[in-house]
1. Note the full-extension length gain between residue 189 and residue 43 as 0.36 nm times their separation in residues minus their Cα-Cα distance, in nm to one decimal.
2. With an 8 Å Cα cut-off and a minimum separation of 6 or more residues, compute the relative contact order for the range 31-298 in percent.
3. At 4 °C and 1.567 mPa s, grab the translational diffusion coefficient of the range 96-165 from Stokes-Einstein with a Kirkwood Rh over Cα pairs, rounded to a whole number in µm² per second.
4. Hand me the trypsin sites (Lys or Arg not before Pro) from the range 178-230 located in a DSSP loop with no more than 14 other Cβ atoms within 10 Å, in residue order please.
5. Which whole-angstrom value gives the distance between the alpha carbon centres of the range 57-106 and the range 151-227?
6. How many percent of Cα pairs in the chain exceed 32 Å?
7. Label-point separation (nm) for residue 219 and residue 261, each offset 7 Å from Cα along Cα-to-Cβ?
8. Of the listed peptides 281-294, 77-90, 245-258, what is their order by residue-averaged count of other C-beta atoms within 10 Å, with the highest listed first?
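Throughout, read-outs are computed from the coordinates displayed, never taken from laboratory work. This is a predicted model, so every value here is computed, not measured. Here the Cβ positions follow ideal geometry from the backbone for every residue, glycine too, while neighbour counts run over all protein chains shown.
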Amino acid sequence: MQTRRQFIQSSAFTAAAMPLFGMVPSSTKLPIGFSTLGCPAWEWGKILDFAQANGFSAVELRGLQGNMDLPSRPEFAADRIEQSKKDVAAHGLRISCVSSSAHMHETDPEKHAAQLADARKFIDLAAALGAPNVRVFGNDTVGTREQSIEHVGTALRQLGDYAGPKNVTVIIESHGGFTDSPTLKAILEKADHPHVALLWDAHHTYVSGKEDPAFTIEQLGKYIRHTHLKDSVKQGNDVHYVLTGRGEVPVKRQVQLLAATGYKGSFSFEWEKVWHPDIEEPEVAIADYARVVGGYLKG
């Protein structure tokens, strides 16, 4: 027997998982996606079914069922990857980005080589899946700002040389010690490569970088190939992630300003359920994002 509260919660979860836009043909879907970081317990089939049912056009791969080493996943083994690609296409979806944990700030030669090697594995996986982007981090500032720009920019250029022939672009995320536009712009100019670009985590440039989104887009818009969008409220010195449009981050303005530039990538929801298990369940948060950001793009 369920209590009244349990019944209401169960009903809310069921409603949230119901299709919002119906089984929309891929050619007419809105350019919205979500990262699998937000649904760490879901298996491959559920991810694709949920994305299709809720009107998404893309999925960003960031771990599956708790395993962040995507190249080692059985779904992408040599004997299964073609079927996985067919699964994606059959659901009217595409893979917008394959997101690695590789970070470019290491100055120890052996550690730096290991990070570059890890990034190359993800580039190979993206190429096999037909995904256009691989995410890497700059992450920490080591030494002076100028030394960090030189080091990270050079590493990105090396990865761009590897990714280019595979039709993949390496995108550095605005994250960690690299959330302000002047520094990111300097790194991208140092890389100076057609297959190196930016993943705009719009939450980080606003909350950590203290930038108005119009300024960020003015400075970095030509480099943006992918996004991470999320909302939050301040809690002391920390932030708490909340459902889209209910917090203090101007997500609607971020989306509409970027859309006005002619941006062709995905507006991807990064719900950090892996790192913050106390936040709203993915069945609620991801479906809610589709409804809210779908409305932003339509109006």
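1. Stretched out fully, the residue 189 to residue 43 stretch lengthens by 48.6 nm.
2. Details: 532 pairs, mean separation 48.7, N = 268.
Here the relative contact order equals 18 percent.
3. The Stokes-Einstein estimate is 105 µm²/s.
4. 210
5. With the range 57-106 and the range 151-227 each reduced to a Cα centre, they are spaced 22 Å.
6. When all Cα pairs of the chain are counted, 24 percent exceed 32 Å.
7. 1.2 nm
8. Result, highest mean first: 281-294, 245-258, 77-90.
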